[in-house]
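The values are calculated or read from the model by the stated rules, or taken from the named source; none is laboratory data. All figures in this text were calculated on a predicted structure; none of them were measured in a lab. All Cβ positions, even for glycine, are placed from backbone atoms using ideal geometry, and neighbour counts span all protein chains on display.
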Amino acid sequence: MSPRRGGSLYGHAIRTALEEARGEWIIFMDADGSHNPGFLPELWRFRDNFDLVIASRYVRGGKTENPAVLIF
């Protein structure tokens, strides 16, 4: 993968990854340890039925175990 283009912000990393991706599916996951990778198979099973699958603490049923300071 090429170096991040556009700057050093998170959004620049996402845009660079989308431009570089060559697979049929793309999975984004923060690497800060706040997400359990064990949840990926649950997301993966929906890949053929939807254009976009999101796991977020901000959607119905979403939650987080992060400290309150990390929840916006």
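Structure above, values below:
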{"quantity": "Pair list, Cβ < 9 Å and 6+ apart or interchain, from the range 25-41 residues that are under 16 Å from residue 63 (Cα atoms) to residues that are small (Gly, Ala, Ser) and at pLDDT 85 or above", "calculated": "none"}
{"quantity": "First in the range 1-20 and polar (S, T, N, Q), second anywhere and at pLDDT below 90, Cβ under 6 Å, 6 or more apart", "calculated": "16/4; 16/5"}
{"quantity": "In the range 45-72, the residues that are more than 22 Å from residue 10 (Cβ to Cβ) and touching a residue at least 12 places away in the same chain (Cβ under 8 Å)", "calculated": "47"}
{"quantity": "Qualifying residue in the range 15-24 (condition: outside any loop (DSSP other than H, G, I, E, B), of a type in the set (Lys, Arg) and surrounded by 10 or more Cβ atoms within 10 Å (Cβ to Cβ))", "calculated": "yes"}
{"quantity": "Residue in the range 47-66 that is modelled with the lowest pLDDT, counting only those that are hydrophobic (A, V, I, L, M, F, W, C) and surrounded by 12 or more Cβ atoms within 10 Å (Cβ to Cβ)", "calculated": "55"}
